[in-house]
């Protein structure tokens with residue numbers, strides 16, 4: 001009976017390890033995509049919406065957001081007990097940001113290109129929403145999307161980074177970089193858009209660093 005129980009427990013440990021290591025790979029890909037996207041992102045205006053590059057970048061952002069969600073889930077799983085309530089709060093808020101990012105990028109990729117002729121003012125307003133561009137039409141709930149997403153990114157990333165640093169399971173330099181990557185977005189208030197895209201680089205590097213640790217870590221079973 002004990003042998004069967006031990007085998008079952010061993011399989012569960014192996015499965016959990018594989019999931020966490022896979023999440024590390026997703027985090028690495030998310031960080032790489034996050035940095036690359038900033039380098040190739042077209043201008044946020046209606047003239048870019050119908051371009052192939054716009055759709056490509058939007059699809060890349062969808063993938064990056066989903067990869068980030070999977071990645072931080074693995075990071076949280078690896079330190080769930082040590083991270084405590086602070087880690088849980090940071091994980092939940094940060095996850096909500098990436099879910100919001102996925103939804104908005106889906107609209108950018110598959111909805112906005114269809115509206116450039118029938119509702120150009122709406123498209124122009126929505127594409128300029130993160131550049132703090134005044135819109136001539138009512139954008140409804142989308143007007144509040146930018147500040148809400150900004151708060152979730154800042155607060156979620158900061159709390160998650162601090163909790164990861166305090167837990168001491170993952171590299172602390174990467175955890176500190178994650179917290180810094182969230183806070184540094186405040187500099188967007190003085191750096192004009194689109195130059196403020198460079199502020200995403202620290203977060204991308206943090207995801208790469210944390211993801212690499214998860215992916216490369218070898219967990220040896222206890223005797």
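The values are calculated or read from the model by the stated rules, or taken from the named source; none is laboratory data. Here the structure is a predicted model, which means the values were calculated and not measured. Backbone-built Cβ (ideal geometry, glycine too); neighbour counts: all protein chains shown.
List the pairs whose first member sits in segment 122-147 and is at positive phi and part of a helix (DSSP H, G or I), whose second member is at pLDDT 80 or above and surrounded by fewer than 14 Cβ atoms within 10 Å (Cβ to Cβ), and whose Cβ atoms are under 8 Å apart, counting only residues at least 6 apart or on separate chains?
Pairs found: none.
Is there a residue in segment 89-97 that is surrounded by fewer than 17 Cβ atoms within 10 Å (Cβ to Cβ), under 22 Å from residue 56 (Cα atoms) and at pLDDT 85 or above?
No, there is no match, as no residue in segment 89-97 is surrounded by fewer than 17 Cβ atoms within 10 Å (Cβ to Cβ), under 22 Å from residue 56 (Cα atoms) and at pLDDT 85 or above.
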